[in-house]
Amino acid sequence: MDLKEIRDIIQNNRQRYLNELMELLKIPSVSADSQYKDHVFKAAKYVKQKLDEAGIDESEIHTTKGFPIVYGEKIINKSWPTVLVYGHYDVQPADPLDLWDSPPFEPVIKDDRIYARGACDDKGQFYIHIKAFEILNKINNVPCNVKFMIEGEEEVGSDNLEEFVKSHREKLAADVVLISDTSMISLEHPSITTGLRGLSYLQVEVTGPKRDLHSGTYGGTVANPVNVLCKMIASLKDENNHITIPGFYDKVIDLTQDERAAIARAPYDENEFKNGLDVAELEGEKGYTTLERVGIRPTLDVNGIWGGYIGEGAKTVLPSKAFAKISMRLVPNQSSDEITKLFTDHFKRIAPKSVRVKVTPFHGGEPAVTSTQSKPYKAAEKAFETCWGKTAIPTRDGGSIPIVALFERELGVDSVLMGFGLDSDAIHSPNESFGIPNFLKGIETVVFFHHFLRSNSR
Ligand code: BES
Ligand code: MN
Ligand code: MN
């Protein structure tokens with residue numbers, strides 16, 4: 001395969017690729033908000049159509065109890081390696097809308113970046129794979145069997161994917177799951193993600209008096225659920241930012257000195273990191289570096305907290321209820337269900353008698369670590385060497401893609417996490433964007449991944 005030939009094809013088709021991606025980005029496929037339901041279905045249709053146009057042999061929109069899974073395949077030779085591409089066409093809600101510089105579903109290109117909700121997470125990233133496949137097909141040189149599985153519920157916990165995977169083991173059989181839904185260090189330092197954290201996400205509700213009370217008539221006599229909730233949450237970490245839930249760390253695997261040294265070799269500039277976020281100081285678990293805190297250590301965060309009066313001006317009220325949404329990011333060997341249970345038991349135990357506590361678990365997911373010794377990983381390394389002229393650095397990311405552990409468990413297939421986003425792309429935030437160089441170089445790299453996976457296996 002000739003790098004110059006591939007680069008020329010990409011350059012000559014650049015505008016069309018971008019236009020197609022922008023059409024996809026115009027569809028507000030927000031899975032979390034039922035108001036956008038029809039648009040999520042519309043995005044699934046668009047993805048199927050683009051797979052068909054790229055030259056996939058068989059494709060279908062598999063309906064589920066929730067949003068559909070778009071599946072497509074081109075099986076050329078059973079003795080060749082098979083790549084299963086996974087991605088998601090659903091996106092996070094766009095709010096707060098007033099913080100966007102341009103409307104989230106009216107993509108614009110500015111300074112060589114596309115701005116839109118989903119530009120990086122994950123529409124721009126999985127579209128890389130459809131265009132890479134289109135190129136391979138056009139030059140009559142698809143080197144591997146290719147399967148696509150693009151779902152529409154990733155951002156809400158992939159509830160119906162497990163069932164689909166379990167009932168289609170044969171259809172989904174593959175040598176590798178290839179995913180672009182993570183970030184790389186920078187355009188100068190390409191990297192391959194080799195670990196993702198797991199997740200326990202839950203909501204807590206603290207109830208005090210049976211109704212809202214006048215904060216003067218009753219203040220100082222009855223427990224205020226908002227005050228109580230704040231105290232309870234504050235107690236979940238000690239002065240070293242160690243989580244205080246008994247048993248929380250019991251199963252956490254400590255890394256060896258070698259593994260920690262490998263993490264420390266990745267380029268990282270603390271000042272750049274701080275300045276990029278406008279914070280004067282970083283904070284995290286004592287005894288670990290920032291890269292360790294995000295990659296190999298579990299954590300607990302409040303994602304939202306509310307209760308009482310939050311409207312304009314002042315209202316004197318002692319609220320009846322207080323709520324918080326809490327996430328815990330997990331690392332190997334923690335289990336989402338076990339951690340949810342430990343949290344729930346602990347949270348109920350520490351509640352004062354003056355309140356009642358309800359804990360509602362939401363979605364979860366298991367952590368995952370992928371091999372750096374497998375043939376697919378080696379193929380990814382070679383693809384980066386060819387297209388970027390650099391060796392990709394293995395990194396552990398802090399985010400979660402629960403299906404990675406699921407594929408490993410249910411299909412026995414390891415993933416290669418070939419992400420092309422940057423942390424500064426602001427996924428899940430206002431003004432999400434994706435660099436056009438990342439998009440185009442991603443296409444090139446994926447083309448060569450297929451090439452090397454096949455030639456390595458001969
Ligand atoms: N693509 C992200 C996960 C991600 C982002 C991994 C950056 C590594 C680096 C994915 O779409 C996502 O947002 N996952 C959720 C979990 C899911 C169960 C809602 C997350 O990590 O919060
Ligand atoms: Mn994603
Ligand atoms: Mn996401």
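The values are calculated or read from the model by the stated rules, or taken from the named source; none is laboratory data. Small disclaimer: the values here were computed from a predicted structure and weren't measured. Note: ideal-geometry Cβ built from the backbone for every residue, glycine included; neighbour counts use all protein chains shown. Note: accessible area is taken over every heavy atom of the protein model, side chains too, but ligands, DNA and RNA are not part of it. Shrake-Rupley method; radii C 1.70, N 1.55, O 1.52, S 1.80 Å.
Quick look at the values:
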{"quantity": "Residues in the stretch 346-388 that a label on residue 8 would reach, taking backbone N under 19 Å of a point 7 Å out along Cα→Cβ", "calculated": "387"}
{"quantity": "Added length on full extension, which subtracts the Cα-Cα distance from 0.36 nm per residue, residue 274 to residue 15", "calculated": "89.7 nm"}
{"quantity": "Charge dipole (the chain, unit charges on Cβ, about Cα centre) - positive-most of 240, 273, 372", "calculated": "240"}
{"quantity": "Equivalent ellipsoid, the stretch 146-273 (semi-axes from 5 times Cα gyration tensor eigenvalues, Å)", "calculated": "42, 26, 16"}
{"quantity": "Normalised per residue, the volume of the convex hull around the Cα set of the stretch 90-182 (Å³)", "calculated": "127"}
{"quantity": "Where labels lie 7 Å past Cα in the beta-carbon direction, separation of residue 325 and residue 188 in nm", "calculated": "3.7"}
{"quantity": "Global geometry of the stretch 406-458, whether rounded, prolate or oblate, following the gyration tensor of its Cα atoms and the 1.5 cut on a/c", "calculated": "oblate"}
{"quantity": "Solvent-accessible heavy-atom area per residue, rounded to whole Å², over the stretch 273-379 at 1.4 Å", "calculated": "56"}
{"quantity": "Heavy-atom accessible area order for 59, 424, largest first, 1.4 Å probe", "calculated": "424, 59"}
{"quantity": "For the stretch 92-139, the fraction of alpha-carbon pairs in successive 5 Å shells from zero, as %", "calculated": "5, 19, 21, 20, 14, 10, 6, 3, 2, 0"}
{"quantity": "Euclidean distance of C-alpha centroids, the stretch 412-458 and the stretch 3-36, integer Å", "calculated": "14"}
{"quantity": "Translational diffusion coefficient (Stokes-Einstein; Kirkwood radius from C-alpha pairs) of the stretch 323-375 at 37 °C, 0.692 mPa s, in µm²/s", "calculated": "246"}
{"quantity": "Per-pair calculated FRET efficiency, R0 = 60 Å: residue 241 and residue 1 via Cβ, rounded to 0.05", "calculated": "0.80"}
{"quantity": "Residue 211-residue 97 FRET efficiency (beta carbon distance; Förster radius 35 Å; 0.05 resolution)", "calculated": "0.55"}
{"quantity": "Entries in 50/171; 237/341; 65/348; 147/375 that, when Cα-Cα distance is taken, lie over 26 Å", "calculated": "65/348"}
{"quantity": "Stokes-Einstein diffusion coefficient of the stretch 1-136, Kirkwood radius over Cα pairs, 37 °C, 0.692 mPa s, in µm²/s", "calculated": "203"}
{"quantity": "1.4 Å probe accessible area per residue over the stretch 76-130, in Å²", "calculated": "38"}
{"quantity": "Extension reserve of the residue 221-residue 305 stretch, reckoned as 0.36 nm per residue once the Cα distance is removed", "calculated": "27.9 nm"}
{"quantity": "Solvent-accessible area per residue for the stretch 160-250 (1.4 angstrom probe, square angstrom)", "calculated": "44"}
{"quantity": "Surface share of carbon and sulfur [accessible, 1.4 angstrom probe, percent] for the chain", "calculated": "48"}
{"quantity": "Average Cα contact separation per residue, the chain, under 8 Å, 6 or more apart, as relative contact order %", "calculated": "26"}
{"quantity": "Semi-axis lengths (Å, descending) of the ellipsoid that matches the C-alpha gyration tensor of the stretch 35-93", "calculated": "25, 12, 10"}
{"quantity": "Cβ-Cβ FRET estimate between residue 455 and residue 362, R0 fixed at 45 Å, reported to 0.05", "calculated": "0.55"}
{"quantity": "Local electrostatic count, residue 115, Cβ distance below 14 Å [Lys/Arg +1, Asp/Glu -1]", "calculated": "-2"}
{"quantity": "Cα gyration tensor category, rounded, prolate or oblate, for the stretch 248-356 with a/c compared to 1.5", "calculated": "oblate"}
{"quantity": "Helix runs (DSSP H) in the chain reaching 24 Å along axis by Cα, Kyte-Doolittle at least -0.5", "calculated": "436-457"}
{"quantity": "From phi via Karplus (6.51, -1.76, 1.60), per-residue ³J(HN,Hα) for the stretch 189-206 in Hz, x at Gly/Pro", "calculated": "10, x, 9, 10, 6, 10, x, 10, 8, x, 8, 10, 10, 8, 10, 10, 10, 10"}
{"quantity": "Nitroxide proxy distance, nm - points 7 Å out along Cα→Cβ at residue 75 and residue 251", "calculated": "3.6"}
{"quantity": "Computed over the chain, Cα set: Rg, Dmax in Å", "calculated": "23.5, 81"}
{"quantity": "Contour excess over end-to-end distance, with Cα ends at residue 345 and residue 58 and 0.36 nm allotted per residue", "calculated": "98.4 nm"}
